[in-house]
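First the structure, in the form of structure tokens, and then the observations on it.
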């Protein structure tokens with residue numbers, strides 16, 4: 001079964017004022033936005049060069065597909081022209097499709113069939129031929145998504161804790177250097 005039977009490309013536009021998602025707003029391989037939330041994205045009025053992505057649509061970056069920049073829209077947004085907007089067909093869970101598009105198999109496929117060497121680019125026409133051997137039942141898709149979300153949630157929490165620890169250690173380093181040089185630089189003590 002080809003990807004085109006699981007999803008369809010959306011080419012809708014809207015004049016509404018919405019957050020704009022660009023390739024640089026999507027983290028590689030994580031399926032997440034770089035920003036903490038949609039409110040930190042640039043907000044723009046729609047025009048014909050931007051695609052409308054509704055909540056639960058998937059945005060996949062055409063440029064440098066090896067970066068695996070794929071995100072599930074949590075709300076209506078504008079998508080830049082470098083993003084392909086896909087909507088899950090009936091019987092396909094949007095989060096399951098999102099995870100499929102993030103898979104190493106999909107990334108390898110998109111990379112293999114991209115064009116250009118300096119800035120390789122893929123297209124919906126190429127991606128649409130990606131072969132999926134079996135489509136699980138909708139219930140099995142939901143179970144899979146739930147299991148993966150649970151595991152990824154633990155990983156995200158660990159990453160968040162590691163970032164907090166890094167911030168704390170950098171601050172400790174700054175304080176140590178500041179206090180160590182304070183005596184030397186203010187001229188009250190000389191170290192030979």
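For the residues 23, 94, 136, a GNM of the chain with alpha-carbon springs under 10 Å puts the largest fluctuation on 136. Hey, quick one: spin label on residue 74, modelled 7 Å out along Cα-Cβ, who in region 1-38 has an amide N within reach, i.e. under 11 Å? The answer is 32-38. Here the calculated FRET efficiency for residue 24 and residue 117, from their Cβ-Cβ distance with R0 = 22 Å, stands at 0.55, rounded to the nearest 0.05. Recomputing P(r) over Cα pairs in 10 Å bins from 0, in percent from the coordinates shown identifies the correct label among (1) 9, 29, 29, 15, 7, 6, 4, 1; (2) 8, 23, 20, 16, 13, 8, 6, 4, 2, 1, 0; (3) 8, 26, 23, 12, 7, 6, 5, 5, 4, 2, 1, 0, 0 as (1). Between residue 178 and residue 43, the simple label model (points 7 Å from Cα in the Cβ direction) yields a spacing of 3.5 nm. I'd like the distance separating the alpha-carbon centroids of region 1-51 and region 126-192, in whole Å. Taking the Cα centre of each part, region 1-51 and region 126-192 sit 24 Å apart. If you run the Gaussian network model on the chain, springs between alpha carbon atoms under 10 Å, then out of 175, 157, 112 the most flexible one is 175. Normalised by the number of residues in the chain, the average gap of Cα pairs under 8 Å and 6 or more apart makes the relative contact order 22 percent. Entry note, the chain: the mean residue ellipticity at 222 nm calculated from DSSP H runs of n ≥ 4, each adding -39500 (n - 2.57), is -12500 deg cm²/dmol after division by the residues and rounding to the nearest 500. Considering only 161, 72, 50, the Gaussian network model of the chain with Cα springs below 10 Å gives its largest mean-square fluctuation to 161. Compute the long axis of helix 138-185 from its Cα atoms, compare it with the longest principal axis of the Cα atoms of the chain, and write down the angle in degrees, 0 to 90, nearest 10. The answer is roughly 20 degrees. Of the residues 126, 142, 118, 69, the one with the fewest other Cβ atoms within 10 Å heads the list, and the complete ranking is 118, 142, 126, 69.
Just to verify a number: FRET efficiency for residue 1 and residue 67, C-beta to C-beta distance, R0 = 30 Å, to 0.05?
0.70
Compared with the alpha-carbon gap, the fully stretched path from residue 108 to residue 56 is longer by 16.3 nm at 0.36 nm per residue. Subtracting the Cα-Cα distance of residue 186 and residue 168 from 0.36 nm times their residue separation leaves 3.9 nm of extension gain.
Each value in this text was obtained by applying a stated rule to the coordinates, not by laboratory testing. Here the structure is a predicted model, which is why all the values come from computation and not from measurement. Glycine gets a Cβ as well: all are built from the backbone with ideal geometry, and neighbour counts include every protein chain shown.
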